[in-house]
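Just so you know, all these numbers are worked out from the coordinates, no wet-lab data involved. Quick caveat, the model's predicted, so the values are computed rather than measured. Reconstructed Cβ throughout: ideal geometry from the backbone, glycine too, with neighbour counts over all protein chains shown.
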Ligand code: SF4
């Protein structure tokens, strides 16, 4: 990476440090494919060439891909032990390359995780993936976790760049990336309003811009765009939208059905182990086993949807009553991180980008309130003080497990987008139903 002049970073990622052997779910033990480009491969080979045992260690731990073109990012891959952990992971749960040779010798994928670096025309940006439990903790639980600060980006030279927004693009959807993305971050940060209202502001702005601002849109006057962005910075506009949301009915049937379609289908995909275990626990009381057909193994399972909906609603309302501000902090920080790490240009238009976030948040709310440890809490008598640490712990577990599934199991993410397309989820009223779920 060339040495850039300026950088910005989310505050929680400035605080991040891998906690190594203290981590509850070490990334080096995941069944993820860790690839090396040719430079990584050559450096590691050189590093581990001092003795015959080292050379054998390298040969066991690193294998060239069948396709060997020099420019490929998957020129080689680290090998896994039988238990799925990386060959270079030591008995102390620390990386042996890092421990014995230093961080500078790590492959770029390992040195970068869980950092997400984006290159914008005038700066580099640092966000993170919440699939790392420590990153999730720092992001979700701190009031100032998603504040943005100017930082010196020297030191990021060896990291992978996740996304590059080109300096000059003919497509206005890309060219105006920064002011548009910042406008959405500003709306999410308007904490004087409830989180649902902030999501609504973002969806309304996305809808208004959708008339002329989308991928490969025909040319338009930039003044039109900036007029809309300014309108959504005006307190009276936000106050009017807040009142409008309060008066809107939002039937829960559609979001409930979407969440179940996606998550029940995910049960069959066997995504990340922790997430698969979480889904099994969440659905265990609500899936009735049909009698197995002879010779065909386990029978089909029927979801007791009515019971599940009633239980979910009661539990959600209870926790919102008692710790609603804390829940808004988690999900507001999750949303800001989403806008920072996932370029909206990956979606055909801004409302689609908003809806993809809203359906994730709906799934997270469902998984949080249906988590067995949350289900075990009943009644309103216990002091809120005692419940907050529990909720903090469970939200971290739910969000890092979910992020592992959605970011490391491509079939799961494709499944989410497919369900949205199949159900025709593309309108503002869909966003309203999802954000009130
Ligand atoms: S998941 Fe995060 S905290 Fe845990 S070992 Fe990996 S980088 Fe470190």
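What is the packing order of peptides 48-57, 344-353, taking the mean over residues of other C-beta atoms within 10 Å and listing the highest first?
Details: 48-57: 12.1, 344-353: 20.1.
Per-residue Cβ counts within 10 Å, averaged per peptide and sorted highest first, yield 344-353, 48-57.
Taking the square root of 5 times each eigenvalue of the Cα gyration tensor, what semi-axes in Å does the equivalent ellipsoid of segment 388-437 have, largest first?
Numbers: eigenvalues 130, 67, 5 Å².
Square roots of five times the eigenvalues give 26, 18, 5 Å.
Would you mind computing the Rg to Rh ratio of segment 172-246 from its alpha-carbon coordinates, Kirkwood style for Rh? Could the numbers behind the result be given before it?
Values: Rg = 12.5 Å, Rh = 12.8 Å.
Taking Rg over the Kirkwood Rh, I get 0.98.
Would you mind calculating the relative contact order of segment 172-246 from Cα pairs under 8 angstrom and at least 6 residues apart, reporting the percent as a whole number?
On the way: 49 pairs, mean separation 29.3, N = 75.
Value for segment 172-246: 39 percent.
What is the distance, in nm, between label points placed 7 Å from the Cα along the Cα-to-Cβ direction at residue 45 and at residue 244?
Going by the 7 Å Cα→Cβ label model, 6.1 nm.
Over the Cα atoms of segment 7-164, how large are the radius of gyration and the largest Cα-Cα distance (Dmax), in Å?
16.6, 52
Rounded to whole Å and sorted largest first, what semi-axes of the equivalent ellipsoid does the C-alpha gyration tensor of segment 103-260 yield via the square root of 5 times each eigenvalue? Before the final figure, lay out the partial values.
Numbers: eigenvalues 199, 108, 50 Å².
Rounded to whole Å, the semi-axes are 32, 23, 16.
Thinking of segment 253-435 as a set of Cα atoms, what percent of all their pairs are more than 25 Å apart?
On the way: 6080 of 16653 pairs.
Counting every Cα pair in segment 253-435, those more than 25 Å apart make up 37 percent.
Just from the alpha-carbon atoms, what are the Rg and Dmax of the chain in angstroms?
For the chain, the Cα radius of gyration and maximum Cα-Cα distance read 23.2, 74 Å.
So if I take the alpha carbon set of segment 333-405, get Rg, then get Rh from the Kirkwood formula, what is the Rg over Rh ratio? The partial results should precede the final answer.
Numbers: Rg = 15.2 Å, Rh = 14.0 Å.
That ratio equals 1.08.
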